[in-house]
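The values are calculated or read from the model by the stated rules, or taken from the named source; none is laboratory data. Worth saying up front: this structure is predicted, and the values here are computed from it rather than measured. Cβ placement follows ideal geometry from the backbone for every residue including glycine, while neighbour counts extend to all protein chains displayed.
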Amino acid sequence: MKKLLFTNIDFKQTIFKNTFWLAIGEAITRLLKLGLIIYVARILGVHGYGMFTFALSFVGLFVVFSDFGLSPISTREFSSGKEKDFVSVFSLKILLSIIVLIIIFIGSFIITHDVIIRKAIWILAIFILSYSFSEILYALIRARQKMQYEAGIKIVQAVLLTGLGFLVILKYPSVVNLSYAYVGAGIISLIVVLIFFYRCIFPLRLSLTPLIWKKFLFMAWPIGLAGIFHAIEQNFASLALGYLGQLTATGWYNAAWKIAGISLIPSILLSQSFLPSLSRAFKQSKEKFQNVWNFYAQIAIILAIPLAVGGITLAPKIILFIYTPEFMPSILVLQMLLIIVGLLFIGNTFGQALIAAGLQKKLLWVAGIGAGVNVFLNIILIPKYGLYSAPFAFLIAMFVSFILGLQFIRTFTSLKVWNRSLVLTTVGAIISTLIMYAIISQSQIYSLNILLITFIGAAVYFIVLFGYRKVNNIFLDKRSIFRQNYHHDKSTYYRNYGPRRLLLG
């Protein structure tokens, strides 16, 4: 177990180890935060929850500037043996965070006239910046493929946040007090993380080296802008609803987004685990790059299709299980967002391949056009149609981004997208999902507890998929044997009876 979970032996074992630890960290972190959010939504109500998430969305829109693509680029560069530049990137991260904090403070006077929301924005800005600061530390950890440390850090952060959050929301419930709990947890966890990192990972210090800053920013700016565009896609609808005074609708929209965010955990884990391996494989050979990407894409397809279909089917039960009947309008929002989640699972494989291949600028076009479509549709639709136009606009924008990402990796990389392994995997996932849907949609099953239905659906899906893959492997083995025998018999016939043999007598 020590070799399996704490050392890097080979490619697949390292991917498994990293994904395992990231899954543990993300699962515990997301579940703790989800538990907190459930109580926050129940105690503050839809309107109060809408105020809090509006402030959080505004901060989230700007906080991406504090990273500006440095983390994934640093992971790529550090994995290539350039760890000596870490202290310079670390110092640059501090400078960017200070600049972003000033921008958020100024922007809060423009986005809202509500004093409570504005104060929450100021407090939450410090919280999110303290959390995002850990990303540059994770970059070095991921480059070394020691994700067990990242998992431990995230768990510590989540425990502090959840503990303080529950204490405040149960005894002193208000939007501002909850924001204070968040910032307290963020500052304490950041201090703990920096001490651990200094003692166990890398000696931290400041280094004002503009040349290295320029080099990393030059490499990172396409990813940074792409991150900004993604932040716009995820937060603009919430900001538009809140800005128009529809804070209740903001609460419904973000309630659904919290659940959709939980379902995105596997995609995040896969992206973080595969990027170092994709980067190395790209530098080794086209065949290696194709094999690693195939493995990544197969897992994404296997998870994306049942998650989207099963989530859409169970959305009414999920909303009522987590929230109160006051949040019923979130059901249709969640169903549309889960289609987006399915597209993101597969679309992220395109994005990571472009980063690994050094084609960040292509990724920028994908994210920029998607964000532009999203903003344009939101501006037109939200004032007229309100809540449900927001996820609809996001869905259209994500579909456009998906098509562009697919076209870019087909055109600008050596990857063959429609290869046999991916086609067979997709067919198997669709067949297994249809059988899963036929079972969980039965009234006898659908009336059960949501957790039990989820377990039954997952069990059916993976059993059918396993059977499909076994049958398919047997068929391919027999086909391979047949082809070998066919070519052997054909060559023997030609040798005995071919034209040259006949002429020679």
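What the table below lists for this structure:
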| read-out | value |
| --- | --- |
| Failed item in (1) surrounded by fewer than 22 Cβ atoms within 10 Å (Cβ to Cβ); (2) at pLDDT below 85, with L129 passing the rest | (1) |
| Residue match in the stretch 311-325 (condition: of a type in the set (D, E, K, R), more than 19 Å from the chain's Cα centre (by Cα) and more than 20 Å from A458 (Cα to Cα)) | no |
| Residue among S134, S179, S189, S207 that alone is among the hydroxyl-bearing types (S, T, Y), assigned by TED's automatic domain parsing to the domain that holds G48 and either under 30 Å from Y243 (Cα atoms) or in contact with a Pro (Cβ under 7 Å, 6 or more places away or on another chain) (or both) | S179 |
| Which numbered condition L211 misses (of (1) in a helix (DSSP H, G or I); (2) at pLDDT below 80; (3) not aromatic (F, W, Y)) | (2) |
| Single condition L377 does not satisfy, out of (1) modelled with pLDDT of 90 or more; (2) in contact with a Phe, Trp or Tyr (Cβ under 8 Å, 6 or more places away or on another chain); (3) within 23 Å of A315 (Cα to Cα) | (3) |
| Any chance S389 is touching an Asp or Glu at 6+ places or on another chain (Cβ under 9 Å), of a type outside the set (V, I, T) and crowded, with 16+ Cβ neighbours inside 10 Å | no |
| Unique match (being more than 30 Å from Q290 (Cβ to Cβ), modelled with pLDDT under 60, touching a helix residue (DSSP H, G or I) at 6+ places or on another chain (Cβ under 7 Å) and part of a helix (DSSP H, G or I)) among R495, R500 | R495 |
| Residue list for the stretch 392-407, filter: touching a residue at least 40 places away in the same chain (Cβ under 8 Å) and surrounded by fewer than 21 Cβ atoms within 10 Å (Cβ to Cβ) | F392, L395, F399, F402, L406 |
| Residue identified as touching a residue at least 40 places away in the same chain (Cβ under 8 Å), surrounded by 15 or more Cβ atoms within 10 Å (Cβ to Cβ) and in a helix (DSSP H, G or I) among L415, L422 | L422 |
| Hey, I111 of a type outside the set (F, W, Y), without any contact (Cβ under 8 Å) to a residue 24 or more places away in the chain and either touching a Pro at 6+ places or on another chain (Cβ under 8 Å) or within 30 Å of P222 (Cβ to Cβ) (or both) or not | no |
| Test: I9 is more than 19 Å from Y172 (Cα to Cα), modelled with pLDDT under 80, buried (at least 20 other Cβ atoms within 10 Å of the Cβ) and not assigned by TED's automatic domain parsing to the domain that holds S179 | no |
| Residue among K258, K288 that is within 26 Å of E77 (Cβ to Cβ), part of a helix (DSSP H, G or I) and of a type in the set (K, R) | K288 |
| Checking Q290 against (1) within 30 Å of I431 (Cβ to Cβ); (2) touching a helix residue (DSSP H, G or I) at 6+ places or on another chain (Cβ under 8 Å), the condition it does not meet | (2) |
| Condition met for S389 (of a type in the set (S, T, Y), without any contact (Cβ under 8 Å) to a residue 24 or more places away in the chain and outside the structural domain of S279 (by TED's automatic domain parsing)) | no |
| Only one of A304, A315, A300, A308 that is closer than 20 Å to I262 by Cα, small (G, A, S), part of a helix (DSSP H, G or I) and without any contact (Cβ under 8 Å) to a residue 24 or more places away in the chain | A315 |
| Which numbered condition E287 fails, given (1) free of Cβ contacts under 8 Å to residues at least 12 places away in the same chain; (2) buried (at least 20 other Cβ atoms within 10 Å of the Cβ) | (2) |
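A quick yes/no check of all residues on (1) at pLDDT 80 or above; (2) crowded, with 22+ Cβ neighbours inside 10 Å; (3) among the aliphatic types (A, V, I, L, M); (4) in a helix (DSSP H, G or I):
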{"site": "T19", "(1), (2), (3), (4)": "no, no, no, yes"}
{"site": "V63", "(1), (2), (3), (4)": "no, yes, yes, yes"}
{"site": "R76", "(1), (2), (3), (4)": "no, yes, no, yes"}
{"site": "G81", "(1), (2), (3), (4)": "no, no, no, no"}
{"site": "S91", "(1), (2), (3), (4)": "yes, no, no, yes"}
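Table: residues versus (1) small (G, A, S); (2) at pLDDT 85 or above; (3) not assigned by TED's automatic domain parsing to the domain that holds L451.
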residue: M219; (1), (2), (3): no, no, yes
residue: A249; (1), (2), (3): yes, yes, yes
residue: Y253; (1), (2), (3): no, yes, yes
residue: A260; (1), (2), (3): yes, yes, yes
residue: L270; (1), (2), (3): no, no, yes
residue: S273; (1), (2), (3): yes, no, yes
residue: W293; (1), (2), (3): no, yes, yes
residue: I302; (1), (2), (3): no, yes, yes
residue: I305; (1), (2), (3): no, yes, yes
